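Working notes, structure below.
Quick note: the coordinates plus some simple rules give every number you see, no bench work behind them. All of these numbers come straight from a predicted model, not from anything done at the bench. So basically every Cβ, Gly included, is an ideal-geometry build from the backbone, and we count neighbours across all protein chains shown.
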Amino acid sequence: MTAERERTGAAYVEIEGERQLLLPTALDACDGFEPVEIATDMACDDSGPIDGPWTGLDLGDLLTAAESPPAATHVLVTCRDGYRVCLDVTDALSAVLAYRRDGDPLDPDEIRVVGPGIDSGRSAKGVVRIEAVALDAGTDPAELEALEPASDPAVEP
Ligand SMILES: Nc1nc2c(c(=O)[nH]1)N[C@H]1C(S)=C(S)[C@@H](COP(=O)(O)O)O[C@H]1N2
Ligand SMILES: [Mo]
């Protein structure tokens, strides 16, 4: 499993920018970032409530540290299974990259983006890459999303 995770890049979370960050999925060990605790109010129509509370790293802090484009309008989050969400930058900046749920560590496939503006279906799990983008007015952010997991879990995101 470890070898597979390394091959697929899932042992790290990449935060893209002028100074790309490569965070080990043992996010507790990320020096220089203060853990943040948040509660959420998420529920899925199919599977019911998704409760925290969550402990994570402030996504705005991570994007700033990575020197991501200041004019970004959206933040693309890509997952190990090929799932991809496109968040409004305002929602992304108030979100956290969660590595604990109710105090318990999440494994790399469960590290997820949670925040007050993020609905259950966009709470991306198994995050491998986060990239701020500047979309022009003619681009529909939903077109950049992949809200079905890829059939081949080893696919490169
Ligand atoms: N990578 C990935 N993230 C995902 C999904 C997925 O299929 N793949 N499903 C989404 C949906 S539709 C829901 S409701 C929640 C489910 O979260 P849970 O497994 O904690 O209940 O995860 C979201 N994040
Ligand atoms: Mo869902």
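Given R0 = 25 Å, the distance between the Cβ atoms of residue 64 and residue 26 translates into a calculated FRET efficiency of 0.70.
Between 55, 139, 78, the residue with the greatest mean-square fluctuation in the GNM of the chain (Cα pairs under 10 Å linked by springs) is 139. Here the simple spin-label model places points 7 Å from the Cα toward Cβ, and for residue 51 and residue 104 these points are separated by 1.2 nm.
Under a Gaussian network description of the chain, with springs only between Cα atoms under 10 Å, the residue in 107, 61, 45 that fluctuates furthest is 45. Remark: the chain carries a charge dipole of roughly 260 debye about the Cα centre, counting +1 on each Lys and Arg Cβ and -1 on each Asp and Glu Cβ.
The string of couplings for region 13-18 from the Karplus curve (6.51, -1.76, 1.60, θ = phi - 60°) is 10, 8, 10, 7, x, 4 Hz, one whole number per residue in order, with x for Gly and Pro. In this structure the amide hydrogen of residue 43, modeled in the peptide plane, comes within under 5 Å of the amide hydrogens of 50, 120, none closer than 5 places in sequence on its chain. Summary value for the chain: 28 percent relative contact order, contacts being C-alpha pairs under 8 angstrom separated by 6+ residues.
In the chain, the convex hull through the Cα atoms has an average projected area of 9.2 nm², a quarter of its surface area. Springs between alpha-carbon atoms under 10 Å, Gaussian network over the chain: tell me which of 111, 15, 50 tops the mean-square fluctuations. Answer for the Gaussian network model of the chain: 50.
Report, by chain and number, residues whose modeled amide H sits under 5 Å from the one on residue 150, excluding near sequence neighbours (fewer than 5 apart, same chain). Here the answer is 82, 83, since their amide H atoms fall under 5 Å of that of residue 150.
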